[in-house]
Amino acid sequence: LEVLSLVGSLERFSKHPLAGAILKAIQAEKAVSHDASKISEPPGQGMQGTVTGHSVQITSRKKLIKQQPDLETQLPPQAGGLECVILIDDQYAGIYRFRDTPRTDGQSFISHLSPRHQIQKTMLVSGDRESEVRYLAEQVGIENVYFSQSPEQKLEIVNAETSQANTIFVGDGINDAPALVAATVGMAFGQNSDVTTEAADVIVMDSSLQKIDEFLHISRRMRRIALQSAIGGMILSMFGMLLAAAGYLPPVAGAISQEVIDVLAVLNALRVAMPPKALTDFNPDHRP
């Protein structure tokens, strides 16, 4: 309980998604929170700080073994799920294990992307270890899987994919910020981090997959209306110029016609402000 209290005192300042699970455990166990100082959470490097005079570090098994190889023998065997290693005063204090579960509508959303939005390739790029990432990918139907990826590696993957086609990257943590900037469209779930919020082009406030579907429909509709106004206006203008060149459209009538064309283009563009009957066709309850 004391370890949980120390870790929780640090995690309440974290933006990592797993911090919420630890804070819930503190509430359930009624552990006491303490003041924390010297807090540091570099992207992809875990978290550390000082709590009641103790140095507390939260890191991964891989990074711990790299930093202190002699501690490897003290660690229990790896098991399924996510884990973080706790060090107190540079001594191994325990491991917290988490089991991630996909969203209930995750599989139906992934299967919805290709036929409805022409998404040709879906990838799961994560900093978690292979067993957990592959487990989640199988649950939602994603075949292209990248695991144990650092923020720099995520950036490389997104840059490579964006050089071949337009990309959408959806992330929710500080580690995703570089990839969010590099993607054609970066979408952030929630406001877990100011860095992520600044890096993203789109912010989904309530972390809903249905909101992503709405955004895709809205953006496609806006693009279609914009093209209609621009291309339609140019075609009508060219037709008017041909009539004027052939002598069928005098100057005054031509000027009036051009103004009418401009007004029609603007009126068509204003249709964007008129919401359609439905902003999404994604049914979260549908199971492929």
**OP:** Any chance you could count how many residues in the stretch 102-126 are under 20 Å from TYR146 (Cβ atoms) and assigned to a loop (DSSP other than H, G, I, E, B)?
**Re:** 7
Subject >> Restricting the stretch 72-95 to residues that are β-branched (Val, Ile, Thr) and in a strand (DSSP E or B), the residue that is nearest to the chain's Cα centre (by Cα) >> reply: VAL85
Original post:
Residues of the stretch 57-86 being over 18 Å from LEU23 (Cα atoms), in contact with a strand residue (DSSP E or B) (Cβ under 6 Å, 6 or more places away or on another chain) and surrounded by 14 or more Cβ atoms within 10 Å (Cβ to Cβ), which ones?
Top reply: ARG61, LEU64, LEU71, GLY81
Subject >> Residue count for the stretch 152-163, restricted to those that are crowded, with 19+ Cβ neighbours inside 10 Å and not β-branched (Val, Ile, Thr) >> reply: 3
Subject >> Subset of the stretch 262-286 [touching a Ser or Thr at 6+ places or on another chain (Cβ under 6 Å) and either farther than 30 Å from PHE215 by Cα or at pLDDT below 90 (or both)] >> reply: HIS286
Original post:
Which ones in the stretch 141-191 are at positive phi and more than 16 Å from the chain's Cα centre (by Cα)?
Top reply: GLY141, SER148
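The values are calculated or read from the model by the stated rules, or taken from the named source; none is laboratory data. All figures in this text were calculated on a predicted structure; none of them were measured in a lab. Quick reminder, even Gly has a Cβ in these numbers, built from the backbone with ideal geometry, and neighbours come from all protein chains shown.
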